[in-house]
Amino acid sequence: NKSELTKAKEEQEKALNFYEQNYTQTERQLKWLEHIKEEHEGYFGSVKQVLNIAAADAKRWQGIIGAVGELLEVPKKYETAIVTALGSSMQYIVTESEKDAKDMIAIMKQKGIARVTFLPKDTVSSGVGIREEAVRKERGFLGIANELLAYDKAYSHIISSLLGRIIIVDSIENASVI
């Protein structure tokens with residue numbers, strides 16, 4: 001019994017060691033991803049500068065919400081389609097109001113920061129979505145892009161203006177037919 005228990009203990013210790021190593025590695029990856037998010041890696045230099053200015057003085061710049069790409073949760077199966085559809089508009093900066101955008105533009109001029117596109121919540125309208133219900137019945141139709149994402153509904157008119165007329169289809173052949 002003692003040798004069996006000793007063997008079981010050794011196996012459990014090996015398993016524990018494996019899980020501890022896995023946990024440590026996962027923690028490092030999480031910290032690395034948080035760092036990338038905080039540093040706005042992958043954004044244009046001017047967008048990154050504006051987001052960093054807003055983050056450095058969050059109280060003053062509470063009207064700077066963030067880049068469009070930060071506001072969306074995209075299911076993995078639609079990532080390529082959504083990233084392609086959004087293009088550079090993923091890096092547009094959403095603000096609470098036009099005044100917030102104008103205030104940041106004034107700072108940008110002072111600091112010599114290049115061009116950034118702002119989407120103020122109080123001025124962007126959702127536009128006209130796809131009204132043709134027949135398109136939803138077409139072969140290969142998966143959905144309207146803005147309906148396939150998760151995002152705070154406070155930004156629905158902005159997301160609709162960017163993606164409300166984009167149809168996601170399962171194949172290029174079915175897209176051509178539609």
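The values are calculated or read from the model by the stated rules, or taken from the named source; none is laboratory data. Here the structure is a predicted model, which is why all the values come from computation and not from measurement. Here the Cβ positions follow ideal geometry from the backbone for every residue, glycine too, while neighbour counts run over all protein chains shown. Protein only, heavy atoms only, side chains kept; ligands, DNA and RNA dropped before computing areas. Shrake-Rupley method; radii C 1.70, N 1.55, O 1.52, S 1.80 Å.
Taking Thr123 as the residue in question, decide whether it is in a helix (DSSP H, G or I) and at negative phi. Even if it seems obvious, please write down each step before you answer.
Details: in a helix (DSSP H, G or I): no; at negative phi: yes.
Answer is no for this residue.
Consider Arg139 carefully, then state whether it is within 16 Å of Leu163 (Cβ to Cβ), outside any helix (DSSP H, G or I) and open to solvent by 80 Å² or more (accessible area, probe 1.4 Å).
Numbers: within 16 Å of Leu163 (Cβ to Cβ): no; outside any helix (DSSP H, G or I): yes; open to solvent by 80 Å² or more (accessible area, probe 1.4 Å): yes.
No; evaluated as a whole, the condition is false for this residue.
Scan Thr95, Thr117, Thr80 and give me the residue that is of a type outside the set (A, V, I, L, M, F, W, C) and modelled with pLDDT under 95. Before the answer, list the steps.
On the way: Thr95 fails: modelled with pLDDT under 95; Thr117 fails: modelled with pLDDT under 95.
One residue alone meets the criteria, Thr80.
Filtering the range 116-133 down to residues that are closer than 18 Å to Lys102 by Cα and of a type outside the set (A, V, I, L, M), which residue is most open to solvent (accessible area, probe 1.4 Å)?
Out of the qualifying residues, it is Asp122.
Considering every residue within the range 46-62, establish whether at least one is under 26 Å from Ile166 (Cβ atoms), in contact with a Leu (Cβ under 8 Å, 6 or more places away or on another chain) and open to solvent by less than 100 Å² (accessible area, probe 1.4 Å).
Checked against the condition, which is being under 26 Å from Ile166 (Cβ atoms), in contact with a Leu (Cβ under 8 Å, 6 or more places away or on another chain) and open to solvent by less than 100 Å² (accessible area, probe 1.4 Å), the range 46-62 yields no hits at all.
Can you tell me which residues in the range 71-109 are open to solvent by 70 Å² or more (accessible area, probe 1.4 Å), of a type outside the set (A, V, I, L, M, F, W, C) and assigned to a helix (DSSP H, G or I)? If you could, list the steps in order and put the result at the bottom.
Quick first cut of the range 71-109, residues open to solvent by 70 Å² or more (accessible area, probe 1.4 Å) only: 73, 76-77, 79-80, 83-84, 96, 98-99, 102, 109.
Right, trim to of a type outside the set (A, V, I, L, M, F, W, C) and you get 73, 76-77, 79-80, 84, 96, 98-99, 102, 109.
Lys76, Lys77, Glu79, Thr80, Thr84, Glu98, Lys99, Lys102, Lys109 - these are the residues of the range 71-109 that are open to solvent by 70 Å² or more (accessible area, probe 1.4 Å), of a type outside the set (A, V, I, L, M, F, W, C) and assigned to a helix (DSSP H, G or I).
Among the residues of the range 147-163, write down those that are free of Cβ contacts under 8 Å to residues at least 60 places away in the same chain and farther than 15 Å from Tyr92 by Cβ. Give the steps one after another, and end with the answer.
Step one: filter the range 147-163 for residues free of Cβ contacts under 8 Å to residues at least 60 places away in the same chain, giving 147, 153-154, 156-157, 160-161.
Residues satisfying the conditions are Glu147, Lys153, Ala154, Ser156.
Could you look through the range 30-45, keep only residues that are assigned to a helix (DSSP H, G or I) and open to solvent by 100 Å² or more (accessible area, probe 1.4 Å), and pick out the one that is nearest to Ile107 (Cα to Cα)?
Start the filter on the range 30-45 by keeping residues that are assigned to a helix (DSSP H, G or I), which leaves 30-38, 45.
Restricting the remaining residues to those that are open to solvent by 100 Å² or more (accessible area, probe 1.4 Å) gives 31-32, 37-38.
Details: Lys31: 31, Trp32: 30, Lys37: 23, Glu38: 21 Å.
Looking at residues that are assigned to a helix (DSSP H, G or I) and open to solvent by 100 Å² or more (accessible area, probe 1.4 Å), I get Glu38.
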